[in-house]
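> Following this message is one structure expressed as structure tokens.
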Amino acid sequence: EAAVTQSPRNKVAVTGGKVTLSCNQTNNHNNMYWYRQDTGHGLRLIHYSYGAGSTEKGDIPDGYKASRPSQENFSLILELATPSQTSVYFCASGDGGARAETLYFGSGTRLTVL
Amino acid sequence: GDSVTQTEGQVTVSESKSLIINCTYSATSIGYPNLFWYVRYPGEGLQLLLKVITAGQKGSSRGFEATYNKEATSFHLQKASVQESDSAVYYCALSPSNYNVLYFGSGTKLTVEP
């Protein structure tokens with residue numbers, strides 16, 4: 001069954017440390033996205049990609065980098081983690097529909113930065 | 001910029017009663033946006049419930065309906081008779097007409113009481 005898998009499910013990091021969140025999709029979708037969700041807020045877009053080798057900035061990219069080494073994998077990198085980056089992170093792949101693509105989400109990664 | 005507003009953070013309804021979850025949007029991009037409802041059931045990932053890409057049209061799925069009202073800039077989610085299994089968090093979202101990026105509302109947690 002096609003799926004979007006995120007790892008790790010939970011992560012505790014120290015301030016100033018490097019954190020890498022991984023996402024793998026078996027949907028064969030070109031588009032992939034990283035969102036974060038904080039209590040009382042909707043999902044906010046951090047970075048996205050239209051295919052291997054491409055990354056684009058979303059609405060809140062500061063403090064984050066993204067890497068898309070292959071069709072299947074899309075990573076979110078926090079080079080110098082800060083407590084304000086404590087959040088739940090969601091990865092999604094998009095079917096690239098001509099109008100209004102559908103997104104398929106992973107189960108999320110809960111990141112705590114101490 | 002484009003945005004979505006859900007005014008109710010939590011809604012509690014008795015089983016077999018009717019439901020409406022409010023959603024209004026603001027879109028500044030050219031053309032009419034595409035509108036979506038996504039849902040997260042307990043223990044599951046976020047998934048598409050329904051979408052409507054044409055103003056004035058209605059979308060439906062699993063007994064839920066939503067009508068794209070461009071005059072009122074609304075996309076309320078309704079169901080005539082809810083079940084316990086409908087308990088979940090519901091997110092309204094939009095994408096600009098010419099751009100495959102989703103903007104989410106803050107979500108409404110629905111609890112259906114037996």
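The values are calculated or read from the model by the stated rules, or taken from the named source; none is laboratory data. Here the structure is a predicted model, which is why all the values come from computation and not from measurement. Here the Cβ positions follow ideal geometry from the backbone for every residue, glycine too, while neighbour counts run over all protein chains shown. These area figures cover heavy atoms from the full protein model, side chains too; ligands, DNA and RNA do not enter into them. Shrake-Rupley method; radii C 1.70, N 1.55, O 1.52, S 1.80 Å.
> Of everything in region B:35-69 that's of a type in the set (G, A, S) and either buried (at least 16 other Cβ atoms within 10 Å of the Cβ) or within 14 Å of chain A (Cβ to nearest Cβ) (or both), which residue is nearest to B:G107 (Cα to Cα)?
So in region B:35-69, the residues of a type in the set (G, A, S) come out as B:43, B:45, B:55-56, B:59-61, B:63, B:66.
With either buried (at least 16 other Cβ atoms within 10 Å of the Cβ) or within 14 Å of chain A (Cβ to nearest Cβ) (or both) added as a condition, the list becomes B:43, B:45, B:55, B:59, B:61, B:66.
Numbers: B:G43: 16, B:G45: 14, B:A55: 22, B:G59: 19, B:S61: 18, B:A66: 16 Å.
Among those that are of a type in the set (G, A, S) and either buried (at least 16 other Cβ atoms within 10 Å of the Cβ) or within 14 Å of chain A (Cβ to nearest Cβ) (or both), it is B:G45.
> State whether the residues of region B:72-79 include one that is part of a loop (DSSP other than H, G, I, E, B) and within 11 Å of chain A (Cβ to nearest Cβ). Give the derivation first.
Applying the first criterion (part of a loop (DSSP other than H, G, I, E, B)) to region B:72-79 yields B:72-73, B:75-76.
Add one more test, that the residue is within 11 Å of chain A (Cβ to nearest Cβ), and what stays is none.
Scanning region B:72-79 turns up no residue that is part of a loop (DSSP other than H, G, I, E, B) and within 11 Å of chain A (Cβ to nearest Cβ).
> Sticking with this structure for a sec: So A:H41 passes all but one of these: (1) closer than 19 Å to B:S106 by Cα; (2) touching a Phe, Trp or Tyr at 6+ places or on another chain (Cβ under 7 Å). Which condition number does it fail?
For A:H41, the exception is condition (2).
> Quick test for you: out of A:G16, A:G51, pick the one residue that is of a type in the set (G, A, S) and within 29 Å of B:W37 (Cβ to Cβ).
Values: A:G16 fails: within 29 Å of B:W37 (Cβ to Cβ).
None of the other options fit; the residue is A:G51.
> Can you find, within region B:80-104, the residue that is farthest from A:K57 (Cα to Cα) among those that are at pLDDT below 95 and part of a loop (DSSP other than H, G, I, E, B)?
As a first pass, look at region B:80-104 and keep what is at pLDDT below 95: B:94-104.
From what's left, part of a loop (DSSP other than H, G, I, E, B): B:96-102.
Numbers: B:P96: 17, B:S97: 19, B:N98: 17, B:Y99: 14, B:N100: 13, B:V101: 11, B:L102: 14 Å.
Within region B:80-104, the match that is farthest from A:K57 (Cα to Cα) is B:S97.
> Please determine whether any residue of region A:14-22 is surrounded by fewer than 21 Cβ atoms within 10 Å (Cβ to Cβ) and within 13 Å of another protein chain (Cβ to nearest Cβ).
Looking through region A:14-22, none of the residues is surrounded by fewer than 21 Cβ atoms within 10 Å (Cβ to Cβ) and within 13 Å of another protein chain (Cβ to nearest Cβ).
> Follow-up question, since we're still on this one. Which residue is nearest to the other protein chains (Cβ to nearest Cβ), if the candidates are limited to region A:102-112 and must be surrounded by fewer than 20 Cβ atoms within 10 Å (Cβ to Cβ) and farther than 15 Å from B:Q47 by Cβ?
A:R110
> Determine, yes or no, whether B:G31 is among the small types (G, A, S) and under 27 Å from A:H47 (Cβ atoms). Can you show your working first?
Values: among the small types (G, A, S): yes; under 27 Å from A:H47 (Cβ atoms): yes.
Criteria met by B:G31.
> From the list A:R99, A:R36, A:R68, A:R44, exactly one residue is in contact (Cβ under 8 Å) with a residue 12 or more places away in the chain, within 14 Å of another protein chain (Cβ to nearest Cβ) and either under 19 Å from A:K18 (Cα atoms) or surrounded by fewer than 13 Cβ atoms within 10 Å (Cβ to Cβ) (or both). Which is it? Step through it out loud before you land on a result.
On the way: A:R99 fails: in contact (Cβ under 8 Å) with a residue 12 or more places away in the chain; A:R68 fails: within 14 Å of another protein chain (Cβ to nearest Cβ); A:R44 fails: either under 19 Å from A:K18 (Cα atoms) or surrounded by fewer than 13 Cβ atoms within 10 Å (Cβ to Cβ) (or both).
Matching residue, one of A:R99, A:R36, A:R68, A:R44: A:R36.
> Which of the residues spanning region B:1-31 are touching a Phe, Trp or Tyr at 6+ places or on another chain (Cβ under 8 Å) and under 19 Å from B:L48 (Cβ atoms)?
Result: B:D2, B:V4, B:Q6, B:I21, B:C23, B:Y25.
> Out of B:L102, B:L110, B:L19, which single residue is among the aliphatic types (A, V, I, L, M) and within 14 Å of chain A (Cβ to nearest Cβ)?
Numbers: B:L110 fails: within 14 Å of chain A (Cβ to nearest Cβ); B:L19 fails: within 14 Å of chain A (Cβ to nearest Cβ).
When all the criteria are applied, what remains is B:L102.
> Taking B:Y32, is it touching a residue at least 24 places away in the same chain (Cβ under 8 Å) and open to solvent by less than 80 Å² (accessible area, probe 1.4 Å)?
Values: touching a residue at least 24 places away in the same chain (Cβ under 8 Å): yes; open to solvent by less than 80 Å² (accessible area, probe 1.4 Å): no.
The answer is no for B:Y32.
> Could you say which residue among A:G63, A:G58, A:G53 is on the phi > 0 side of the Ramachandran plot, surrounded by 13 or more Cβ atoms within 10 Å (Cβ to Cβ) and of a type outside the set (A, V, I, L, M, F, W, C)?
Working: A:G58 fails: on the phi > 0 side of the Ramachandran plot; A:G53 fails: surrounded by 13 or more Cβ atoms within 10 Å (Cβ to Cβ).
Result of the check over A:G63, A:G58, A:G53: A:G63.
> Would you call A:Y89 out of contact with any Leu (no Cβ under 9 Å at 6 or more places or on another chain), open to solvent by less than 20 Å² (accessible area, probe 1.4 Å) and under 28 Å from B:G1 (Cα atoms)? Can you show your working first?
Working: out of contact with any Leu (no Cβ under 9 Å at 6 or more places or on another chain): no; open to solvent by less than 20 Å² (accessible area, probe 1.4 Å): yes; under 28 Å from B:G1 (Cα atoms): yes.
Answer is no for this residue.
> If you don't mind, there's one more thing I want to ask. Within region B:8-19, can one find any residue that is of a type in the set (K, R) and either surrounded by fewer than 16 Cβ atoms within 10 Å (Cβ to Cβ) or farther than 23 Å from A:G106 by Cβ (or both)? Steps first, please.
Filtering region B:8-19 for residues of a type in the set (K, R) gives B:17.
This time we only want the ones that are either surrounded by fewer than 16 Cβ atoms within 10 Å (Cβ to Cβ) or farther than 23 Å from A:G106 by Cβ (or both), so: B:17.
Taking every residue of region B:8-19 in turn, at least one turns out to be of a type in the set (K, R) and either surrounded by fewer than 16 Cβ atoms within 10 Å (Cβ to Cβ) or farther than 23 Å from A:G106 by Cβ (or both).
> Does A:G94 count as within 10 Å of chain B (Cβ to nearest Cβ), touching an Asp or Glu at 6+ places or on another chain (Cβ under 8 Å) and open to solvent by less than 50 Å² (accessible area, probe 1.4 Å)? If you could, list the steps in order and put the result at the bottom.
Working: within 10 Å of chain B (Cβ to nearest Cβ): yes; touching an Asp or Glu at 6+ places or on another chain (Cβ under 8 Å): yes; open to solvent by less than 50 Å² (accessible area, probe 1.4 Å): yes.
Criteria met by A:G94.
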